[in-house]
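Below is one structure, written out as structure tokens; the observations come after it.
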Amino acid sequence: MCAEAVDLARAAAEEAAAPGVVGEHVGVVSEGDRVVTHYFEAKEPGYRGWRWAVTVARASRAKNVTLDETVLLPGTDALLAPEWVPWSERLRPGDMGPGDLLPTEAEDLRLEPGWTGEDEPPPNSIVSEELAELVDSEDAELTDRPVAATSRGSIAAVAEELGTRRARVLSRYGLYEAADRWDEAFGPKTPMAQAAPATCVSCAFLIPMAGSLKQAFGVCANEFGPADGHVVSLAYGCGGHSEAAVMPKPVRPADHALDTMRVDAYALRPERGEGSVPAEPDGASEDLGHS
């Protein structure tokens, strides 16, 4: 009875969609005891290969077939939208514009917690109150500079000097990721570095960095260089190296072996009386057969 309820299923599909967009009946599938799904062709524009699926059922010992569910489902050759990708994975470098905000996830692997505790030495720390007082008394400086908010020898002062007095700092993974990205853009394997006269480690335009990355990277300050204002590898290089500023002298061509600037005049025939053949033949030439 459920398999024969095609008209009931078509009416349900037309009620859910619209009259005229439900096509021919293309199949029926048994979902279980007294549960059947009818499939109808979908004729809506943009839904090529989709089908209207109408599930009908019949209760035990019942004589009437009832409607269970109506839904539009894709077929095997249906035109589908691309898989949805979260915005955090779709974002690419350079996509942010003025006014855009990029919130950082709480579990970002590139970051790790910084020093956020109170200004008190933790248990078993070498920075104790006695050492802090000793530093303040013996390492005093006579200067007119304003006194810092944190006292010397305290954890807050050490954290501020190391750059870790923030809620979160870069993790080792974040440092490695940034180093790989910078090395790929301005590293020793780039065509510019391969043709450079020297590396950036000996260039005067290189500004050293702070932190652990200063062992391998710096900032280029050559306005005419291709990496001006960018972080470059110490093994990177370009034609704007500071020690390659002296232009080589042009090569002086060698003097010509032959003088090609003077015109020499040559006669088409030798002058009379010159040459190996006399101008007039002698008498003995007739006897030798000369005409």
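Before moving on, here are some points about what is shown:
Each row is one residue, and each column tells you yes or no for (1) among the β-branched types (Val, Ile, Thr); (2) in contact (Cβ under 8 Å) with a residue 12 or more places away in the chain; (3) within 19 Å of Ser30 (Cα to Cα).
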residue	(1), (2), (3)
Pro45	no, no, no
Thr55	yes, yes, yes
Glu69	no, yes, yes
Ala81	no, no, no
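- Summed over region 13-48, the residues that are open to solvent by 70 Å² or more (accessible area, probe 1.4 Å) and in contact with a Leu (Cβ under 8 Å, 6 or more places away or on another chain) give a count of 2.
- Restricting region 196-216 to residues that are open to solvent by less than 50 Å² (accessible area, probe 1.4 Å) and more than 25 Å from the chain's Cα centre (by Cα) leaves a set whose member that is farthest from Val231 (Cα to Cα) is Ala198.
- When each of Ala178, Ala159 is tested for being closer than 26 Å to Glu105 by Cβ and either at pLDDT below 90 or aromatic (Phe, Trp, Tyr) (or both), the lone residue that passes is Ala159.
- Verdict on Val246 being modelled with pLDDT under 75, in a loop (DSSP other than H, G, I, E, B), under 17 Å from Ser202 (Cα atoms) and open to solvent by 80 Å² or more (accessible area, probe 1.4 Å): yes
- Within region 183-200, not a single residue is of a type in the set (Phe, Trp, Tyr), without any contact (Cβ under 8 Å) to a residue 24 or more places away in the chain and under 26 Å from Pro93 (Cα atoms).
- Top-ranked residue in region 1-12 [being open to solvent by less than 20 Å² (accessible area, probe 1.4 Å) and in a loop (DSSP other than H, G, I, E, B); ranked as farthest from Ala42 (Cα to Cα)]: Cys2
- Any hit, region 54-69, residues being open to solvent by less than 100 Å² (accessible area, probe 1.4 Å), in a strand (DSSP E or B) and in contact with a Cys (Cβ under 6 Å, 6 or more places away or on another chain): yes
- Conditions (1) buried (at least 18 other Cβ atoms within 10 Å of the Cβ); (2) modelled with pLDDT under 85: number failed by Asp77: (1)
The values are calculated or read from the model by the stated rules, or taken from the named source; none is laboratory data. Quantities reported herein were computed from a predicted structural model and do not represent experimental measurements. Virtual Cβ from ideal backbone geometry, glycine too; neighbours counted across all protein chains shown. What goes into the accessible areas is simple: the full protein's heavy atoms, side chains included, and nothing from ligands, DNA or RNA. Shrake-Rupley method; radii C 1.70, N 1.55, O 1.52, S 1.80 Å.
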